[in-house]
Amino acid sequence: MASDYDDRDDDSDDRDDDRDRRRNRDEPDDHTLVERARRKIATPALLLILAGALGFVIELGALGLSIAAPTLFYDMMVDFIKNQPKSPQQQKQLKDMEDQKEGMLLNSPINIASILVGACVNALTVIGGIKMRSASGYGLSMAGSIAAIIPMGGCCCVTLPFGIWTLVALMNPDVKAGFDASKRLAAGLTDRD
């Protein structure tokens, strides 16, 4: 008695199962993905932290200077003008400097606000670098990289290249996968959907 059952259907199902098992075996686990990402971002993240910390220290120094010697730049400019040969133009420059004195004070509200904003930008850069180095907090890592690019006080010429470098590194698919795996591991999820 002949059956209508076709053995070829079973073979194709078995091949599909084998292919799925092989694909799952070839896929790295979450710990491996996180380690790959950490290796790729370790150097740029460390340099971002160092540059942000340097900028933050410079901002704190500027704040201290604005409190301890608020007329420093004004006094330096007046001394420079006074050391020039005597002339009618020198007297005019000294008068102009006297008129601009209020704007040159380091403890003016605009200068203090600028210093505080620069300190916050540099602090965000450091925090972003720390989060990036640990491959956790992709959003904060991106924010720290972008903050490094903002030309705001401190050490913006030093942080700019590291901000660009870390942005490029964060856009790498392996790094993104590592951050996703880190999030899954932190949430206690073991299998990927």
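Okay, here's what the table says:
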{"read-out": "In sequence order, calculated HN-Hα J values of the stretch 98-114 (Karplus, 6.51, -1.76, 1.60; Hz; x Gly/Pro)", "value": "4, 5, 9, 4, 4, x, 8, 5, 6, 9, 6, x, 5, 5, 5, 4, 4"}
{"read-out": "FRET efficiency estimate (nearest 0.05) - Cβ-Cβ, L60 to Q84, R0 30 angstrom", "value": "0.30"}
{"read-out": "Using a Förster distance of 30 Å, the FRET efficiency for A69-K95 (Cβ separation, nearest 0.05)", "value": "0.80"}
{"read-out": "Under 19 Å from K183, Cα to Cα: lysines that are on another chain or at least 8 residues apart", "value": "K40, K131"}
{"read-out": "The stretch 67-193 shape via C-alpha gyration tensor axes, a/c threshold 1.5", "value": "prolate"}
{"read-out": "Theoretical FRET efficiency, 1/(1+(r/R0)^6), r = Cβ-Cβ of I112 and I164, R0 41 Å, to 0.05", "value": "0.90"}
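Every number in this text was worked out from the coordinates using simple rules, so none of it is lab data. Model, not experiment: these values are computed from the prediction. Methodologically, a virtual Cβ is constructed for each residue, glycine included, from the backbone with ideal geometry; neighbour enumeration extends over all protein chains shown.
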